[in-house]
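The values are calculated or read from the model by the stated rules, or taken from the named source; none is laboratory data. Bear in mind the structure is a predicted one, so any value in this text is a computation, not a measurement. Positions of Cβ are generated from backbone atoms using ideal geometry, with glycine treated the same way; all protein chains shown enter the neighbour counts. Please note that ligands, DNA and RNA were not included when accessible areas were found on the heavy atoms of the full protein model with its side chains. Shrake-Rupley method; radii C 1.70, N 1.55, O 1.52, S 1.80 Å.
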Amino acid sequence: MRLDKYLAKATGFSRKEVKRLLHADEVRVNGDPERNPARHIQDSDSVELDGLAMDKPEPRYLMLYKPEGVVCANDDPTYPTVLSPVELPRAEEMHIAGRLDIDTTGLVLITDDGKWAHKVTSPRHKTGKVYRVTTADPIPADAVDKFASGIKLNSEPFPTKPAELTLLSDTEARVVLHEGRYHQVKRMFAALGNRVTSLHRESIGAIVLDDNLFPGEYRALTDDEINSI
């Protein structure tokens, strides 16, 4: 990791502030003054800022209960983002792993571990995502087989990958997807002549939205949850 990035993550300072500290000779690496922001810091290196040892920045992993009306973006000029309530240094640089539409609620994963985020979102890893759906019209029983066979979406050349549909009532269902196309659940029901009126993500893989979280709240993932991806 570059020295400026290492210090920014360890302190919460901006890269610009870190560079000022470097030029002020307040940074030492292995006991020697260091001014080069691009120096690569290895696990065996010791880094000090103004005489204080800097712990190695560790990746952060969060689950957040996304409310309706909030966008899954790092910045937005109109709407609050899922990062708005995250009170952590440099939260704006974290990755949103598995985005949701503005009117969809439920589990969102946030991290600054890019490789881990890729495993969450990549179809190759086949991480199942579970949604609870309410529709405007009754869901026919044959929709279960149609979801399992794959549904041809408008303007797309290939049908969706097999998905699991479990009927909970006439207008409620649970859907398990293993891919993440644009507005996929809504478009799958639209292809069957129905309309989704509410959509809520309950889980991603083995990570289940914490019942103790209210909309807009978040918590750190446990080691077991992190390692499950």
Quiz item: Say we look at region 124-148 and pick out the residues that are assigned to a helix (DSSP H, G or I) and of a type in the set (A, V, I, L, M); which of these is surrounded by the fewest Cβ atoms within 10 Å (Cβ to Cβ)?
Solution: A148
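Scanning for something open to solvent by 70 Å² or more (accessible area, probe 1.4 Å), acidic (D, E) and in contact with a strand residue (DSSP E or B) (Cβ under 7 Å, 6 or more places away or on another chain), does region 209-224 turn up at least one residue? Spell out how you get there, then give the answer.
Here is the first cut: in region 209-224, the residues open to solvent by 70 Å² or more (accessible area, probe 1.4 Å) are 211-212, 214-215, 217, 223-224.
Among the residues that remain, those that are also acidic (D, E) are: 211, 217, 223-224.
Next cut, in contact with a strand residue (DSSP E or B) (Cβ under 7 Å, 6 or more places away or on another chain) only: 217.
The answer is yes; a qualifying residue exists.
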Quiz item: Of all residues in region 102-118 being over 27 Å from R15 (Cβ atoms) and open to solvent by 40 Å² or more (accessible area, probe 1.4 Å), which is farthest from the chain's Cα centre (by Cα)?
Solution: D103
Quiz item: For I226, are the conditions met, namely being of a type in the set (V, I, T), closer than 21 Å to T121 by Cα and without any contact (Cβ under 8 Å) to a residue 60 or more places away in the chain?
Solution: no
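Let's see how each residue does on (1) among the hydrophobic types (A, V, I, L, M, F, W, C); (2) closer than 23 Å to E172 by Cβ:
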| position | (1), (2) |
| --- | --- |
| P59 | no, no |
| D75 | no, no |
| T81 | no, no |
| V86 | yes, no |
| E93 | no, no |
| I102 | yes, yes |
| T121 | no, no |
| R124 | no, no |
Quiz item: Filtering region 51-85 down to residues that are among the hydroxyl-bearing types (S, T, Y) and part of a loop (DSSP other than H, G, I, E, B), which residue is least open to solvent (accessible area, probe 1.4 Å)?
Solution: S84
Quiz item: Of all residues in region 159-202, which are farther than 20 Å from T127 by Cβ, assigned to a loop (DSSP other than H, G, I, E, B) and among the hydrophobic types (A, V, I, L, M, F, W, C)?
Solution: L168, L192
Quiz prompt | Close pairs from region 3-29: first within 17 Å of P57 (Cα to Cα), partner among the aromatic types (F, W, Y), Cβ under 7 Å, at least 6 apart | solution = L7/F13
Quiz item: Just for region 105-123: of the residues that are outside any strand (DSSP E or B) and small (G, A, S), which one is farthest from G216 (Cα to Cα)?
Solution: S122
Quiz prompt | Selection count where residues are aliphatic (A, V, I, L, M), under 21 Å from G114 (Cβ atoms) and out of contact with any helix residue (DSSP H, G or I) (no Cβ under 6 Å at 6 or more places or on another chain), scope region 1-55 | solution = 4
Self-check item: Scan of region 201-219 for residues that are over 17 Å from R99 (Cβ atoms) and either in contact with a Pro (Cβ under 7 Å, 6 or more places away or on another chain) or in contact (Cβ under 8 Å) with a residue 40 or more places away in the chain (or both), ordered by number
Solution: V208, D210, L213, F214, E217, R219
Quiz item: Scanning region 183-195 for residues that are open to solvent by 20 Å² or more (accessible area, probe 1.4 Å) and aliphatic (A, V, I, L, M), which turns out nearest to V108 (Cα to Cα)?
Solution: A190
Quiz item: When you look at F214, is it farther than 21 Å from P67 by Cα and not charged (D, E, K, R), yes or no?
Solution: no
Quiz prompt | Where a residue in region 183-194 is under 19 Å from A141 (Cβ atoms) and its partner, wherever it lies, is among the polar types (S, T, N, Q) and surrounded by fewer than 19 Cβ atoms within 10 Å (Cβ to Cβ), with Cβ under 9 Å and at least six apart | solution = A190/N154; A191/N154; N194/T171
